[in-house]
1. Based on Cα coordinates alone, diagonalise the gyration tensor for region 106-170, multiply each eigenvalue by 5, take square roots, and list the semi-axes in whole Å, largest first.
2. So what's the convex hull volume per residue for the Cα atoms of the chain, in Å³?
3. Quick one: putting +1 on the C-beta of Lys and Arg, -1 on the C-beta of Asp and Glu, what dipole do you get for the chain around its Cα centre, in Debye to the nearest 20?
4. Among rounded, prolate and oblate, which fits region 139-265 when a ≥ b ≥ c are the square roots of the eigenvalues of its C-alpha gyration tensor, a/c under 1.5 means rounded, and a/b larger than b/c means prolate?
5. As an exercise, use a Förster radius of 51 Å and the Cβ-Cβ distance of Arg54 and Asp245 to find the FRET efficiency, rounded to the nearest 0.05.
6. Just to check I understand the Karplus step: with θ = phi - 60° and J = 6.51 cos²θ - 1.76 cosθ + 1.60, what whole-Hz values come out for region 214-227, glycine and proline as x?
7. Can you tell which of Thr250, Thr179, Thr111 shows the greatest fluctuation in a Gaussian network model of the chain with Cα springs below 10 Å?
8. Just read off the accessible area of Lys249 with the full protein assembly in place, 1.4 Å probe, to the nearest 10 Å².
Amino acid sequence: MAAAWFEDEIAAALAPLLPGLDVEVVAEIDSTSTELMRRARGGRSAPVLLVAERQTAGRGRLGRTWHSAQGPRDAASLTFSLGLPLAPRDWSGLSLAVGVSVAESLDGAATAGLRLKWPNDLWVEDRKLGGILIETAVLQPEAAERYLVIGIGLNVGPREDAGLGTPPAWIRQWRPLATAPELLRELLPPLVHDLQRFAERGFLAFADRFAARDTLRGREVTLSDGTEGRCEGVGWGGELLVRTDAGMKTITSAEVSVRPRPAQP
Ligand code: BTN
């Protein structure tokens, strides 16, 4: 393995919050999220952190491929999934809450301009730094508790634009010495803490923090279904609010994507 991933340190830091957490680092896998969903469907529902130095079939939202940066494997990308049972009263807005947590860990003072693009992207100056993939598996029919798999991919080092829908940003642009293992160690305890906060209080507890980093609010946007309008932020459940000529449109569908319209010259 190329890098030291601080597995024991991470496990110890998270033990009070997630008893029994297993921390695994693999050199290569198809997708950390696919693997944890496979395990959950096979009846394994213990908390796991699975980190991959390379993914061969990384997945993004809407069936897209998640391309990790090419380069020295101890440097270019951070790709991991956290699986745990969770029973929030309401799941709405979870990807936004996760985004808030990660953004605050990476750019606490917001000096790097790290912002959140509904529903699951981390952007810096309209360039994509990373993405969040939220999936759940039913553990028992009718039970409130589900197995949650949060997959996170972040660009740590520089990467090429080629083949990407949105040009990339990377963390070393403002933290030149950042390494993937150190970033992982840094962002996990606040993330787990925020997940517990979300389970207790829902997206409402994150609404102000999201608004402070919402990159779409106040901008003209185009939705993948052709709708055009002005984004007015998100509602109390994390739904996207777009004012159109036909009135306010509320978007909750995971099937819809949204892009800011380029400013007119
Ligand atoms: C997106 O941008 O739509 C979400 C990207 C999520 C990528 C991460 S990398 C770790 C985990 N494993 C995957 O296959 N996907 C997520």
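1. Equivalent ellipsoid semi-axes, largest first: 30, 14, 10 Å.
2. 136
3. Dipole of the chain, to the nearest 20 debye: 480 debye.
4. Verdict is oblate for region 139-265.
5. In this case the efficiency is close to 0.60.
6. Here the 3J(HN,Hα) series is 5, 7, 8, 4, x, 10, 6, 10, 10, 8, 5, 8, x, 4 Hz.
7. Per the Cα network of the chain with a 10 Å cutoff, Thr111 tops the list.
8. Rounded to the nearest 10, the figure is 70 Å².
The values are calculated or read from the model by the stated rules, or taken from the named source; none is laboratory data. Bear in mind that the values here come from a model prediction, so they are computed numbers and not experimental data. For neighbour counting, all protein chains shown are included, and Cβ atoms are generated from backbone atoms with ideal geometry for every residue, glycine included. Only protein heavy atoms, including side chains, enter the accessible area calculation; ligands, DNA and RNA are left aside. Shrake-Rupley method; radii C 1.70, N 1.55, O 1.52, S 1.80 Å.
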